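The values are calculated or read from the model by the stated rules, or taken from the named source; none is laboratory data. Since we're looking at a predicted model, the values are computed, not measured. Cβ atoms come from the backbone with ideal geometry, glycine included; neighbour counts cover every protein chain shown. For accessibility, only protein heavy atoms count, side chains too; no ligands or nucleic acids. Shrake-Rupley method; radii C 1.70, N 1.55, O 1.52, S 1.80 Å.
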Number of protein chains: 2
Amino acid sequence: MNPDITRERENATFDVEKLTHILDGGIEKTKRRREIESLVISDPDFQSEDLNFLSRSERYDAAVKKSAQMILKLREYGISDPEEIYCYKSCVHRGRSEPLDLHLGMFLPTLLNQASPEQMETFFIPAWNLEIIGTYAQTEMGHGTHLRGLETTATYDPATQEFVMNSPTITSIKWWPGGLGKTSNYAIVLAQLHTQGKCHGLQAFIVPLRSMNTHIPLPGVVVGDIGPKFGFDEVDNGYLKLENVRIPRDHMLMKYAKVEADGTYVKPPSAKLTYGTMVFIRSMIVGEAAHALAKSCTIAIRYSSVRHQSEIRPGEPEPQIMDYQTQQYKLFPLLATAYAYKFVGQYMNQVYHRITGDISQGDFSELPELHALSAGLKAFTTWTASAGIEVCRMACGGHGYSRCSALPDIYVNFVPTCTYEGENTVMMLQTARFLIKSYRQASAGHQLSGIVSYLNESERSLQPQSVSSRPTVVNVNDLASLVDAYKLRAAKLVELAAKSIQQELQKRVSQEDAWNNSAIDLVRASDAHCHYVVVKLFAAKLGEIGDTGVHSVLSTLALLYALQGIQQHSGDFLQTGLLSVPQLSQVSQRLKELLAQLRPNAVALVDAFDYRDEMLNSVLGRYDGNVYEHMFEWARRSPLNKTEVHESYHKYLKPLQAKL
Amino acid sequence: MNPDITRERENATFDVEKLTHILDGGIEKTKRRREIESLVISDPDFQSEDLNFLSRSERYDAAVKKSAQMILKLREYGISDPEEIYCYKSCVHRGRSEPLDLHLGMFLPTLLNQASPEQMETFFIPAWNLEIIGTYAQTEMGHGTHLRGLETTATYDPATQEFVMNSPTITSIKWWPGGLGKTSNYAIVLAQLHTQGKCHGLQAFIVPLRSMNTHIPLPGVVVGDIGPKFGFDEVDNGYLKLENVRIPRDHMLMKYAKVEADGTYVKPPSAKLTYGTMVFIRSMIVGEAAHALAKSCTIAIRYSSVRHQSEIRPGEPEPQIMDYQTQQYKLFPLLATAYAYKFVGQYMNQVYHRITGDISQGDFSELPELHALSAGLKAFTTWTASAGIEVCRMACGGHGYSRCSALPDIYVNFVPTCTYEGENTVMMLQTARFLIKSYRQASAGHQLSGIVSYLNESERSLQPQSVSSRPTVVNVNDLASLVDAYKLRAAKLVELAAKSIQQELQKRVSQEDAWNNSAIDLVRASDAHCHYVVVKLFAAKLGEIGDTGVHSVLSTLALLYALQGIQQHSGDFLQTGLLSVPQLSQVSQRLKELLAQLRPNAVALVDAFDYRDEMLNSVLGRYDGNVYEHMFEWARRSPLNKTEVHESYHKYLKPLQAKL
């Protein structure tokens, strides 16, 4: 054990294990998680060469191998709880995406939710047994966010009782679905349904892609891998071009909408049913943001405790780089953010499960709010986490660029969350739509409930004259007071956005153009709303924590989180009169004090995330802090070192020397 | 040609070609650059498969091949001007780093600058003819920024008149030098010189690493590749462990410092001589920042003009995504930044060449200021450009993640500039040191010259009482007024940082601890200083431009750049009383107007950067805008598509299906 990191652990003021239980959601959950991790880590079938040393095709190959074994072992161990499957799967693939992700996460669930009983009979067991390996083909080359724009067609032919599936244009080629390129032999394809001469919009169709025996693509199916990406080497994201592919009528998913034998279209009873899945996935992504940032902080903070560099005081030994104020200022607010997002993720999960109960009983009343919240928080957390991972990486200096640090991998695997499942700016504007609607309701005298109820207060207290004359009451040492400040900032920025729309309308532009011409303000309002929610939830979490030591350190983190946000957005707080200039200086001063206060607990706080070395897979983030010897050992295994002399010497350099 | 992008070009209000000449530095330079580009692009020896489809070892192999050919062709064509060599090399390697970079950029120049005439005789011609392929080994595994901390030793043995080179610890292993792993057979090694029982600090030694005949490492030399990184696949960054490697006395570079036969150490006449190279490289990096951002903007803006998505007005066709205000707000300020950095790069280059003349005549007076400026601007521009590349990438939605967009490559190849040649935070603190020193001189009544002379003004005009009572005079439509506001902000933040140090000293902490405890404020002050310099140089450039159309569009860009910076840092401008709350609303409003105003010129402005498709190498950024068909064509060539059925199907999936 590196003596620096040992000393850090000795200096901690709280019980790390207790904090781990809080993060896991209870001592039992910690125990079970560790059991599953041990199961995978000790399994010789899941050992493999470092993925960084493999080509893309080899990485894909290794991932398919692991996924196949995983399916067998899950059955062998009888792991069937979705959360436990997720945990096992994350361990096997070390948090990376894998070729069967969409089969497990989209194909099977879509069958469960949208297949008729007869379709379940036909497809579910073969899919469960991986005879059918499926994916979910929605996005097209020219169409992402805007589902109505999808061009793939399914035209019903009553003569044969078949749908004729087509990709009529180059932009209509399905593009991006995971597992589509090489792994899947089936896909659920989203296509515009045409029957009896009319288009009935998007429907889902089960389309066989490859021979069940030979895996060779079927006639009319042009399918393949979309090529290398920024990360995601293990996944065969694919393309699919359909050329008059005929599928039987019963291959349209018919639990809700139907096409009868003669081609008559029968509408589904409600359009809200698919809403829930999106909310669920976006809530999960908030948890992923916490996870990615927590891993990055673990690596950067442990490394900062063992790395010595430069000098603070001349003549003394080189200090740990964590002693530099600038290093603390880079890392500790991100550590606080990781904790904040962990708690937001827990909250989203709870709310989702509560509301799911309501939905199954036909009560959709809370869904719009949750939908808006999950959209905005998905964008808010993934943007800050992505940028934060890179800050952590660069805080490790040169070694952060080595793949042995794991940080490049964490970044490329996480950053796509900013784009998939709803592009972030679009998500922010969806949240804004809800906020503006709520603001208008409040202005019209309606009493709002839920998380936007502050817009009622603001309607009363935030009149222009009152803003500027209101005394600044923020207490920079009191978290409740800061939560209030964030709330008023959000209220004010929602109001500003609404007013911008109003001003645009007065210029006689259309409602839609007024919206677009105010989009910068709308995104800013959503951002402030989400920030308020995060600070509020962090503060609320503190109320649940009994242990004094843990409570104390988390309170410091929460205060740091809130104050750093104020410093970063000081313009907003000054502009809205929520903070005075002298108070802003207090904020800066207090922030520095909090950094110093957190310093002794920094390593313990990342230890509490409880990432085993095998899961973190980072030489810089090793628990024992013995970084350098392992970095050397790792480098020597690099493929370029397999021979002492690379063949390019004989091929190019030696002949060149002869010529010059 | 895609009709959307044709229409964009038709709508431009200025002469693109004229702007290209300004960017290149004159019509003749544009012409010569294009000649060199054509030379490379039409050369069949430089055609190769898409690097994205190759393994790392194959990419290294391809790079060595091209570099070898490049050396031959440069001689064949008689290209010898350093700028032209740089241009040719960039074309050959499409802006990527390559295995001979350090041979050409560090080994040969170091010989030229630091070798004695006898050493030149021995080493230069073999190195010029690539018999000797050299690198520059400075950084060690445990030591980067802090050169005094380097541990490698060179101990003089007068008995044999040799130096004994050693890597005494694991942390002393040389780590990162480009070309060290497999390519080089020599290195200039930085090591602590020990002679006659005393350490005389760092000296440079010429160390043979590999046999000149077989390329096999020599006895005592442990050398290899450090393994895969975030990008830089073409470069064999290496490690080097020296175990009692003996080199003759005349292998220490002896133009300045010397060790005599008996071991007597002779000091060099001046320590400032190596200063210049650092300044030069950092100035070059500012140009690279402009370049990377310009390429990213070209891709994102062209793609935004041909990509259609969602709807602004219901019922109308999907709009070009560049019509969304949020998209404009992401991209146009970055476009303005790219232009700003182009002009800053030109300025730095001019200043460097001017000062180099002075230095060669023994006049070092301007060097400290240039050193401070180049350090800060290197950090300022690389941070913003790195983040900006990612914004451009994400503004392309899903396809920005595909390697065919080129954006992932631009990012991973550029982002290391934040770390190498001086870690950015360290750079900012170096600039801060100069600013604080200048501030103290001004406070003591000295008249400052050069770029920091504003600290004299501030000393007079920025007394606490005058700040708060000073009328806000900023005119948000007048660039000169905005330059002034940036200047006063910088002055105020330098003052705040100086006061923070003062306050710390009053707590009786040491000077060094006071500095560290104020580091956040110091970085902030440097940042504001650099921002001021950039705005000022952009405004100054406008004065040189005669063409009305070009002048008009660049003025809009400059105003956008200045106003967006104010909006982003509105807290600073409010806090220092330079802007009032109503003015801030004016800034927001004006920004939106400028976005709309730039919209018709956006494509023309990126066209003016004049990147040929072969150089940009981006499907999304194609000049003709025909994105989708070429994306499909690219994907089909992906290695995973070489066979219809990937071997993993037969190895894992089929056997699994049999078991379930």
Report task. Would you work out the relative contact order for chain B, in percent, from Cα pairs under 8 angstrom that are 6 or more residues apart? Result -> 15
Query - Peptide A:400-407, shielding by other chains (average Cβ, 10 Å cutoff) - result: 5
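How large is the dipole of chain B about the Cα centre if only Lys and Arg carry +1 and Asp and Glu carry -1, each at its Cβ, rounded to the nearest 20 debye? Display every interim value, and only then the final one.
Numbers: 66 positive and 72 negative charges, 257 e Å.
Result for chain B is approximately 1240 debye, rounded to the nearest 20.
Label the range A:510-625 by shape, choosing from rounded, prolate and oblate, from the square roots a ≥ b ≥ c of the eigenvalues of the Cα gyration tensor; if a/c is under 1.5 it is rounded, and otherwise prolate applies when a/b is larger than b/c, oblate when it is not.
Details: a/c = 2.30, a/b = 1.61, b/c = 1.43.
The shape class here is prolate.
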Query raised in the report: So, with +1 on the Cβ of K and R and -1 on the Cβ of D and E, and no other charges, what is the size of the charge dipole of the range A:348-421 about its Cα centre, to the nearest 20 debye?
Result: 400
Query raised in the report: For the range B:140-145, in order, what is each residue's ³J(HN,Hα) by Karplus, 6.51 cos²θ - 1.76 cosθ + 1.60 with θ = phi - 60°, in whole Hz (x at glycine and Pro)?
Result: 10, 4, x, 8, x, 4
Report task. Can you list which of the GluC sites (Glu not before Pro) found in the range A:490-587 are DSSP loop residues with at most 11 other C-beta atoms within 10 Å? Result -> A:Glu544
Report summary line: Rounded to the nearest 10 Å², the 1.4 Å probe accessible area of A:Ser55 is 40
Query raised in the report: What are the distances, in nm and sorted shortest first, from the label point of A:Gln511 to the label points of the same position in each other copy, with each label point placed 7 Å from Cα along the Cα-to-Cβ direction?
Result: 6.8
Query - Using a 7 Å Cα-to-Cβ projection, B:Asn129 label spacings across copies, nm, ascending - result: 7.4
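Kindly identify the range B:95-240 as rounded, prolate or oblate by the Cα gyration tensor criterion: order the square roots of the eigenvalues as a ≥ b ≥ c, call it rounded if a/c is under 1.5, otherwise compare a/b with b/c, prolate if a/b is larger, else oblate.
Values: a/c = 1.60, a/b = 1.19, b/c = 1.35.
The shape class here is oblate.
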Requested in this report: Name the lysines eligible as straight-distance cross-link partners of A:Lys536: C-alpha to C-alpha under 20 Å, and not fewer than 8 places from it in the same chain.
Outcome: A:Lys342, A:Lys378, A:Lys487, A:Lys492
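Antiparallel as a % of all DSSP beta bridges within chain A, to the nearest 5?
On the way: 32 of 39 bridges.
Given both bridge residues lie in chain A, the antiparallel proportion sits at roughly 80 percent.
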Report summary line: Percent antiparallel among DSSP beta bridges confined to the protein assembly as shown, nearest 5, equals 80
Query raised in the report: From the backbone phi of the range B:33-43, what are the Karplus-calculated ³J(HN,Hα) couplings (6.51 cos²θ - 1.76 cosθ + 1.60, θ = phi - 60°) in whole Hz, Gly and Pro given as x?
Result: 4, 5, 4, 5, 4, 5, 3, 6, 5, 8, 7
Query raised in the report: What does the charge add up to near A:Leu493, with Lys and Arg as +1, Asp and Glu as -1, over the other residues with Cβ less than 9 Å from its Cβ?
Result: -1
Query - Rounded to the nearest 10 Å², the accessible area of A:Trp383 at probe 1.4 Å - result: 80
**Report entry** Charge dipole (chain B, unit charges on Cβ, about Cα centre) - positive-most of B:Val245, B:Ala292, B:Leu493
**Finding:** B:Leu493
Report task. Pop out the carbon and sulfur fraction of the accessible area of the range A:561-660 as a percent, whole number, probe 1.4 Å. Result -> 50
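What does the net charge come to around A:Lys29 if you take all other residues with beta carbon closer than 11 Å to its beta carbon, with K and R at +1 and D and E at -1?
Details: positive: A:Lys31, A:Arg32, A:Arg33, A:Arg34; negative: A:Asp24, A:Glu28, A:Glu35, A:Glu83, A:Glu84.
Neighbourhood net charge equals -1.
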Report summary line: Given the candidates A:Tyr652, A:Leu584, A:Trp175, the one whose Cα lies deepest towards the positive end of the charge dipole of chain A, counting +1 at each Lys or Arg C-beta and -1 at each Asp or Glu C-beta, is A:Leu584
Report summary line: Counting lysine pairs in the range A:539-660 that sit 8 or more positions apart or on different chains, with Cα atoms under 25 Å apart, gives 4
Query raised in the report: Once A and B are treated as a pair rather than alone, how much accessible area drops out, both sides summed, in Å² to 100, probe 1.4 Å?
Result: 11100
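Nothing charged except the Cβ atoms of Lys and Arg (+1) and of Asp and Glu (-1): what's the magnitude of the dipole of the protein assembly as shown about its Cα centre? Round to the nearest 20 debye. Could the numbers behind the result be given before it?
Working: 132 positive and 144 negative charges, 279 e Å.
I would put it at about 1340 debye.
Filter the GluC sites (Glu not before Pro) in the range A:332-408 down to the DSSP loop ones having no more than 16 other Cβ atoms within 10 Å, then list what survives. It would help to have the intermediate numbers written out before the result.
Values: sites: A:Glu366, A:Glu369, A:Glu390; in loops: A:Glu366.
Those that pass, being in a loop and sparsely packed, are A:Glu366.
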Requested in this report: Quick one: which residues, 5+ away or cross-chain, put their amide H under 5 Å from the amide H of B:Ser310? H built at 1.01 Å from N.
Outcome: A:His146
Query raised in the report: Of A:Ala596, B:Ile206, A:Leu51, which is farthest on the positive side of the dipole of the protein assembly as shown, counting Cα position, with +1 on Lys and Arg Cβ, -1 on Asp and Glu Cβ, and the Cα centre as origin?
Result: A:Ala596
Report summary line: Taking the range B:157-314, the equivalent ellipsoid from its C-alpha gyration tensor has semi-axes in Å, biggest first, of 46, 21, 12
Report summary line: Semi-axes (Å, rounded, descending) of the ellipsoid equivalent to the range B:54-109 per its C-alpha gyration tensor are 20, 12, 10
Report task. Enumerate the aspartates and glutamates that B:Lys182 could reach by cross-link, defined here as Cα to Cα under 17 Å, with residues fewer than 8 away along the same chain left out. Result -> A:Glu644, A:Glu647, B:Glu58, B:Asp61, B:Glu98, B:Asp101, B:Glu131, B:Asp225, B:Asp233, B:Glu234, B:Asp236
Query raised in the report: What residues of the range B:185-219 lose no less than 50 Å² of accessible area with every protein chain in place versus their chain by itself (probe 1.4 Å, heavy atoms only)?
Result: B:His215
Query raised in the report: How large is the accessible surface per residue of chain A, computed with a 1.4 Å probe and reported in Å² as a whole number?
Result: 37
Requested in this report: Please report, in Å, the Rg and the Dmax of the range B:168-245, where both are computed over Cα atoms only.
Outcome: 13.5, 45
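Taking N as the number of residues in chain B, what is its alpha-carbon radius of gyration divided by 2.2 N^0.38 Å? Walk me through the numbers on the way to the answer.
Working: Rg = 27.4 Å, N = 660, 2.2 N^0.38 = 25.9 Å.
Taking the Cα Rg and dividing by 2.2 N^0.38 Å, one obtains 1.05.
Helix-only estimate, please: 222 nm mean residue ellipticity of chain A, summing -39500 (n - 2.57) across DSSP H runs of length 4 or more and dividing by its residues, to the nearest 500.
-17000 deg cm²/dmol
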Query - Exposure of A:Lys492 as accessible area (Å², to 10), given a probe of 1.4 Å and all protein chains - result: 30
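If you take each beta carbon of peptide B:516-526 and count the beta carbons of other chains within 10 angstrom, what is the mean?
Numbers: counts 7, 5, 2, 8, 10, 3, 2, 3, 1, 0, 0.
Mean shielding by partner chains, rounded to a whole number: 4.
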Query raised in the report: Shortest first, in nm, what separates the label point of A:Gly315 from those of the same position in the other copies (7 Å along Cα→Cβ)?
Result: 8.3
Report summary line: Stokes-Einstein D for the protein assembly as shown (4 °C, 1.567 mPa s, Kirkwood Rh from Cα pairs), in µm²/s, comes to 39
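Given a 1.4 angstrom probe, I'd like the percentage of the accessible area of the range B:89-243 that is carbon and sulfur, rounded to a whole number. If you can, show how the numbers build up before the last one.
Values: 2720 of 4820 Å².
Carbon plus sulfur share of accessible area: 56 percent.
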Query raised in the report: When Cβ neighbours within 10 Å are restricted to other protein chains, what is their mean count per residue of peptide B:571-579?
Result: 5
**Report entry** Shape of the range B:33-86, Cα gyration tensor, a/c cut at 1.5
**Finding:** prolate
Report summary line: For the range B:335-438, averaging the sequence separation of alpha carbon pairs under 8 Å that lie six or more residues apart and dividing by its residue count, the contact order in percent is 31
